[in-house]
Amino acid sequence: MSTHSVNRTDGRNPTPKARFLEIVEQFRGCPIAVYGDLVADEFVYGEISRVSREAPVLILNYRESSIVPGGAANAINNLHALGAQPVPLGILGNDDAGKALRRQFSRSKISLSRIRFMKGYTTPTKSRYSAGSAHSARQQVLRIDRGCAFVHSADSAKATRNELMALVKECKGVLISDYGFGFVSPEVIARAVPNKKSLPVTVDSRFSLLQHRGVTACTPNESEVEQALGIKIGSDTRKLEEAGATLLKQLQVEAVLITRGRDGMALFVAGEKPVHIPIFGTDEIADVTGAGDTVIAVFTLALAAGASFVEAARLSNYAGGIVVMKRGTATLSAEELRQAVIQG
């Protein structure tokens, strides 16, 4: 199991703001490896014209569209926006979505050296169609997902493992973003970062949480926990705490951070009492798209900067509270995070 040496606190004595600001100051230039599924988030906006005569559906007049980094690419974008130095390990297709992400990474001067561009591979793309009018807010009315699963060959698994092993030596933390498209392999991770001490290795997995054992920490949302364990948590704190304890044991991790939307977060650390963290800011959430990517980016970066699990969780909670108030797949800057700490 990975061992991350941290100064832990029990959460009952809040960490002074000065300590949080000190941690954020350490973000600048911090190298973080990101091994994951690079996804394109496409947003298409239109204004409602009328109801179609052909079917009981709305006709939208197209206004604009954009493609932004999603999935692991969004975690990378968040790390960059916070002043860190993300080092991506992933694959993209030679399609329009893949080229769009490539251009955006290049503009941000994010390294492309460990991103492979593959013919015949469809870059996973989530297209969200939103409708509104001049006098109303836009609402998402349809989402279309595209993309094909990647299947590792013996050669590609070996190459990925070797690249990840190299990154472990170069970086101060490893962020694994598993959106279920096949590029992230638990076997690759287990062989590339075995018993690595003092290097935080975090996992965010949409569908395969229980396969990622022995890392430092994971950051599932509540619905992912329910799906993985076959339970329903709802507002039952006892079930939530039982789930946290179960994940700590089954995954052999040091910490589990469960994000709960309007109900904030719950942090479980081996050998310590659970810490329940209320949502930062208002619970009138604008958009949760990509918020989990922001949370794991800040959580990993804080651990790499020497934060305790509680400190990292509380900073992640500030960050999550900021990005859910923004429309679409969003990031936040280190200055926004500093201001949230000061005002919080």
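The values are calculated or read from the model by the stated rules, or taken from the named source; none is laboratory data. Remember, it's a predicted structure, so these values are computed and weren't measured experimentally. Cβ sites come from the backbone with ideal geometry, for glycine too, and all protein chains shown count toward neighbours.
Looking at the stretch 227-235, can you tell me whether even one residue there is in a helix (DSSP H, G or I), touching a Phe, Trp or Tyr at 6+ places or on another chain (Cβ under 7 Å) and under 22 Å from residue 74 (Cβ atoms)? It would help to see each step written out before you state the result.
Here is the first cut: in the stretch 227-235, the ones in a helix (DSSP H, G or I) are 227-229.
Of the ones still in play, those that are also touching a Phe, Trp or Tyr at 6+ places or on another chain (Cβ under 7 Å) are none.
No, the conditions are met nowhere in the stretch 227-235.
Every listed requirement among (1) within 29 Å of residue 123 (Cα to Cα); (2) touching a residue at least 40 places away in the same chain (Cβ under 8 Å); (3) of a type outside the set (Phe, Trp, Tyr); (4) not in a helix (DSSP H, G or I) is met by residue 199 save one, (1). Within the stretch 86-98, no residue satisfies the criterion of being over 22 Å from residue 43 (Cα atoms) and surrounded by fewer than 18 Cβ atoms within 10 Å (Cβ to Cβ). For residue 133, indicate whether it is out of contact with any strand residue (DSSP E or B) (no Cβ under 7 Å at 6 or more places or on another chain), farther than 23 Å from residue 288 by Cβ and of a type in the set (S, T, N, Q). No, not satisfied. Taking each residue of the stretch 290-312 that is over 16 Å from residue 73 (Cβ atoms) and assigned to a helix (DSSP H, G or I) and looking for partners that are at pLDDT below 95 and acidic (Asp, Glu) with beta-carbon atoms closer than 8 Å, six or more apart or interchain, yields 310/10.
To keep it simple, each residue is scored yes or no on (1) of a type in the set (Asp, Glu); (2) surrounded by fewer than 19 Cβ atoms within 10 Å (Cβ to Cβ).
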{"site": "205", "(1), (2)": "no, no"}
{"site": "218", "(1), (2)": "no, no"}
{"site": "224", "(1), (2)": "yes, no"}
{"site": "228", "(1), (2)": "no, no"}
{"site": "232", "(1), (2)": "no, yes"}
{"site": "235", "(1), (2)": "no, yes"}
{"site": "238", "(1), (2)": "no, yes"}
{"site": "241", "(1), (2)": "yes, yes"}
{"site": "245", "(1), (2)": "no, yes"}
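The one condition from (1) touching a helix residue (DSSP H, G or I) at 6+ places or on another chain (Cβ under 7 Å); (2) closer than 23 Å to residue 150 by Cα; (3) not aliphatic (A, V, I, L, M) that residue 232 does not meet is (2).
For the stretch 102-123, which positions are under 20 Å from the mean Cα position of the chain (by Cα) and assigned to a helix (DSSP H, G or I)? Passing the criteria: 102, 104, 105.
In the stretch 99-125, the qualifying residues are those that are touching a residue at least 60 places away in the same chain (Cβ under 8 Å) and either aromatic (Phe, Trp, Tyr) or touching a Phe, Trp or Tyr at 6+ places or on another chain (Cβ under 9 Å) (or both), and the one that is surrounded by the most Cβ atoms within 10 Å (Cβ to Cβ) is 124. Residues in the stretch 22-43 that are surrounded by 13 or more Cβ atoms within 10 Å (Cβ to Cβ), out of contact with any Cys (no Cβ under 9 Å at 6 or more places or on another chain) and over 20 Å from residue 102 (Cα atoms): 22, 23, 24, 26, 27.
Summed over the stretch 247-275, the residues that are surrounded by 15 or more Cβ atoms within 10 Å (Cβ to Cβ) and polar (S, T, N, Q) give a count of 1.
Hey, can you tell me all the residues within the stretch 241-255 that are part of a helix (DSSP H, G or I) and in contact with a strand residue (DSSP E or B) (Cβ under 6 Å, 6 or more places away or on another chain)? Break it down into steps so the answer makes sense when it comes.
Here is the first cut: in the stretch 241-255, the residues part of a helix (DSSP H, G or I) are 241-251.
Listed by number, the residues that qualify are 244, 247, 248.
For the stretch 87-98, the set of residues classified as without any contact (Cβ under 8 Å) to a residue 60 or more places away in the chain and of a type outside the set (Gly, Ala, Ser) consists of 88, 92, 94, 95, 96, listed by residue number.
As a summary of the residue check, residue 266 satisfies the conditions (1) under 14 Å from residue 79 (Cα atoms); (2) under 18 Å from the mean Cα position of the chain (by Cα); (3) at pLDDT 95 or above except for the one numbered (1). Sub-6 Å Cβ pairs linking a first residue in the stretch 175-186 that is within 22 Å of residue 30 (Cβ to Cβ) to a second residue that is of a type in the set (Phe, Trp, Tyr), at least 6 apart or interchain, are 176/35, ordered by first then second residue.
Residues in the stretch 49-74 that are buried (at least 16 other Cβ atoms within 10 Å of the Cβ) and β-branched (Val, Ile, Thr) were compared, and the one that is nearest to residue 176 (Cα to Cα) is 68.
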